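Notes for the one structure printed next.
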Amino acid sequence: MDDMTNRALQASEIFSLYLAKETAKINASIKTAEEIAQNSSEIVNDFDKFQDRVNASLKLKEAFKKLQSLFLTNEKYAAKVDPLFVESVLLLKIDEG
C-alpha cells in the first residue's frame, strides 16, 4: 500500500470516529428534546387539572381572583412573591360565576 492510500484510510477512520461521535451527540440532543416535550406536556396537563380544581371550588375561585387582582394592581407586592407563582396565578383562567 502506498503512502497516499494509507493516509486516506487513516483519514477515513478518523472521519468515521468523528461521524460516530457527532451522531451520538445528535441522538442525545433528540432524546433530550423529546424528554423536554414530554415534561412540558405533563406540566400543561397538571396545570389544566389544577385550573379545573380551582374552577370547581367557589372558595378557590374567590381566593385566586383576589390574588390575580392583587398581583395586577400592586406591583410592589407582586415583586415580593416568587415570580413563577405570580405568573402561574395570572395564567389561570377562572370561570365567572
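Some values worked out for this structure:
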item: Filter pass, Phe50 being out of contact with any helix residue (DSSP H, G or I) (no Cβ under 7 Å at 6 or more places or on another chain) and aromatic (Phe, Trp, Tyr); result: yes
item: Filter pass, Phe47 being over 18 Å from the mean Cα position of the chain (by Cα), assigned to a helix (DSSP H, G or I) and at pLDDT below 95; result: no
item: Yes/no for Lys31 being surrounded by 10 or more Cβ atoms within 10 Å (Cβ to Cβ) and touching a residue at least 12 places away in the same chain (Cβ under 8 Å); result: no
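The values are calculated or read from the model by the stated rules, or taken from the named source; none is laboratory data. As the structure is a computational prediction, the values presented were derived from the model and not from experiment. FYI the Cβ positions are ideal-geometry reconstructions off the backbone, even for glycines, and counts take in every protein chain you see.
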